[in-house]
1. Identify the residues of the range 64-82 with backbone N under 12 Å of a label point that sits 7 angstrom from the Cα of V394 along the Cα-to-Cβ direction, or state none.
2. Using modelled amide H (1.01 Å from N, peptide plane; none on Pro or chain starts), what sits under 5 Å from the amide H of D242, excluding residues fewer than 5 places away?
3. Taking the Cα centre of the range 84-236 as origin, work out the dipole magnitude from +1 charges on Lys and Arg Cβ and -1 charges on Asp and Glu Cβ, in debye rounded to 20.
4. On a 1.4 Å probe surface of the protein chains, which of Y231, Y178 comes out largest in accessible area, and what is the full order?
5. Using only the Cα atoms of the range 562-716, build the gyration tensor, take square roots of its eigenvalues as a ≥ b ≥ c, and label the shape rounded, prolate or oblate: rounded if a/c is under 1.5, else prolate if a/b is larger than b/c, else oblate.
6. Order 472-479, 146-153 from most to least packed using the mean count of other Cβ atoms within 10 Å.
7. At a Förster distance of 30 Å, what's the computed FRET efficiency of R535 paired with I708, Cβ-Cβ distance as r, to 0.05?
8. Round to the nearest 0.05 the FRET efficiency obtained for S800 and C767 when R0 = 22 Å and r is the Cβ-Cβ distance.
Amino acid sequence: MTPWTQVVELAREWRSRRQSGKGGSAFDDVGRDALYAFRSMRKSPAFTLVAIVTIALGIGAPTAIFGLADSILLRPLPVTDPDRLVIVRERRSGAVSQIRGHMAMPFDRYEAYEEAVQGTFSGLAAERYIDAALRTDVETRVVNGALVSDNYFEVLGLRPALGRGFVRPDEPVVVIAYDLWARLFGEDVSAVGRTVYINSRPYAIAGVAPKGFHGTSATSDVGVWIPFRSYDPGEGARWSADWVVAFGRLRPGVDAAQAEAAVNTIAQRIPPEAASTTIRGARLEPLTGMPRSGRAAMARFLGMLLGTAVLVMLIAGANVAGMLLTKAVGRRREVAVRQALGAKRGRLMRQLLTEGLVLSSIGGVVGILLAIWGKRFLAAFLLPTAEHLALDTVPDLRMLGFALALTVGTGLLFSMGPAIRLSRTGIAPELREGANSAAGSSVRMRKAFVAAQVGLSVVLLVSAGLFVRSLRNTLGVDPGFVPEGVAVASVNLAPHGYDEARGRLFFRQLLTAVTALPGVSSAALSNVVLLSGSRHQSDVSADDPGGSGRVETSSLIGVVSPAYFETMGIRIVAGRAFTAADRTGAAPVVIINETLARRLWGDRNALGSYLRRGEQAYEVVGIVRDGKYVALTEPPFAFAFFPFSQSYSAGMTLHVRSRGNMAGTIAAIRDAVRAIDPNVAVTDVMPLPALIGSSVTSQRFIAFLVGIFGMIGLILAAVGIYGVIGFDVELRARDIGIRLALGARVREVLWSTVRRGILLAAAGAACGLLLALPATRLIEGYLFGVSPLDPLTLVGVVASLVLVAAVASWIPARRRAMRVDPIVALRTE
């Protein structure tokens, strides 16, 4: 049975059932339409495969980005009734502190709140974060730790997956994260009760946190929770002097407005911790994984990515619409037969739209699978945040709902135009042999779709080009030192109870052991790692050269050991480096950079002058060249280096310059630390170039992702041009044959066909440039060293698109137009 016979039989059956009153419900009609759609797709496997892949890419890209935004900004904490949890945020002046973006308060104030809010909150808990050196029988590693009140898990409404929570405030026990339990103990239930050492102190494992819970902040993947009063910070510190984030659960029947009014009154009643501090009240904020201070920047970043992904979806939709429009031309006789047999226009529209929705549904399912994989892939990148993001990559109903809305929306969008056009088919003209009067208008409509694809591709490619050029400019910045061949490893002795004397001995032994390693040319200590994003800042001053007072400025500061400048390859432009003579008890000295020298002393020679920090004066013994200290894109910063022997710090980073294998050097550093004290763990152990590379992660992420989106748009635009030129060639086959029969050169006919594709791409590119000019203004804040209207990028994108269009047009012209037989064409005429 031929396809046309099947169409006639289906139409006759439909008409007879309608006339007999047995037409069935609309649901049955839709079912038959869907069945017919599957049969039609099976008869055109190549068309179906290309359409499904195109739809999947169009739906998968924005769904993956939305899923990422959902996990970061929208998904509630995995706790009981998360909408009942609020953070107490004081309105204060004077001493202010933030922890992970949340407003903090002194521990003593938290205790006062805990007692005063019992009528409003069912519980008030507190937390703060620490680096925890966790030692088991096998290894020592640094994990994110949280010091919490003993009611922490009860306030969150969580029960441990194994064991128990905290019973007494001073009980020396911990609760470890489910993932950490699986990694360290292989999910062995006997791990509960075992003793581990955290920052050199023994703790028993009381329980394992619920699976999927990583703490109350998405920016801190907590591995271990420790009761406040069981943890001794060392060096005589008291927790009453520290700051914590306080959050609570509202009692049933108490709304947020009532609770905020009560807390605001209590805040003003509790005396401030210092005379210089003023408490004006307090308010409540929802406890979410992403603090309010970081939500706006993250929302802008993800919104930009989602916008580019939506462009990919529109390009894919235009591509599929053009394909369906081309296919509709071949189905005009089929529709005419249906109309002749009594099918109404609305019935035909429903069938055609059902076919489009079936196609988009299959593509949507594949797109969701791509989105799930893509979300996990994107989550593996370090997004532009200072901390690690603990993301749940399992799709939820919001992500699936978003994908469903896109699937239905795009299905209706790309099938509506072809369905309307096809349903307007006239019966008599289409049943007449050889009628193709509407084919030309269909080509024009598909050309419009392709031009739209090209225009949207221009926006994507221009954005990608600007991001790539910005990244190249950033990576091309001279940092002012030589990172190649340097490894860094951070050590913090403060949590382990080291006093200054023991700490100096530890670092001295570490430097001696590392310097003796094979291949190591030099090693030094510093309390800052350049281009790691961290900074220490202080106000400094100097006597005015004119004798009219002091010149003050703000400067970055660092504490370094004598071989630091040699190890880092920082050039000393005047004076000397630190030496062993710059020890405790000797005259205080400092080395400054060129920017600080200019700010404090102008054109005067700063060597031998005195820099003041607080009440202490330091003699300037050296000046080093300027460099980049926090980020490669920063403006010039002032920097002052102080000798480690005169300014002790318990947290230092070892810098090692080695000529040997970097992996071996890093392993030897770990062994050296373990040999001195097995309870001390090193953190951030990596080659310095890798650490610097992580400082431009956000730029790499944007350039990579938008570049991928741009390439997808370019490929889809090329496919669209290929399809429309191929269809155009088929319609003009007789004209081409006649031209060849009358003596036209093959090259001329070929160029005529290719020129059509180039002109089509040029028209789309012109419209795309008009869209790109305002669109690039939205990404200006993410660029470095390149203008949003960079002519090189604009010209390069247009030239690339024209070249791609020429190739995409040449292929069908060569394969189809040149196969036209002039004799056959003349006989037809």
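The values are calculated or read from the model by the stated rules, or taken from the named source; none is laboratory data. Note that the structure is predicted; figures quoted are calculated from it, not measured. We place every Cβ from the backbone using ideal geometry, glycine too, and count neighbours over all the protein chains shown. Just the protein is used for accessible areas: all its heavy atoms, side chains included, with ligands, DNA and RNA removed. Shrake-Rupley method; radii C 1.70, N 1.55, O 1.52, S 1.80 Å.
1. Counting backbone N atoms under 12 Å from the label point, the list is 78.
2. F107
3. On the way: 17 positive and 19 negative charges, 72 e Å.
It comes to approximately 340 debye.
4. Numbers: Y231 15, Y178 45 Å².
Putting Y231, Y178 in descending order of accessible area: Y178, Y231.
5. On the way: a/c = 2.77, a/b = 1.40, b/c = 1.98.
Oblate, because a/c is 1.5 or more while a/b does not exceed b/c.
6. Working: 472-479: 14.2, 146-153: 22.4.
For the peptides 472-479, 146-153, the packing ranking is 146-153, 472-479.
7. Working: r = 33 Å, r/R0 = 1.12.
Using R0 = 30 Å, I get an efficiency of 0.35.
8. On the way: r = 17 Å, r/R0 = 0.75.
After rounding, the FRET efficiency stands at 0.85.
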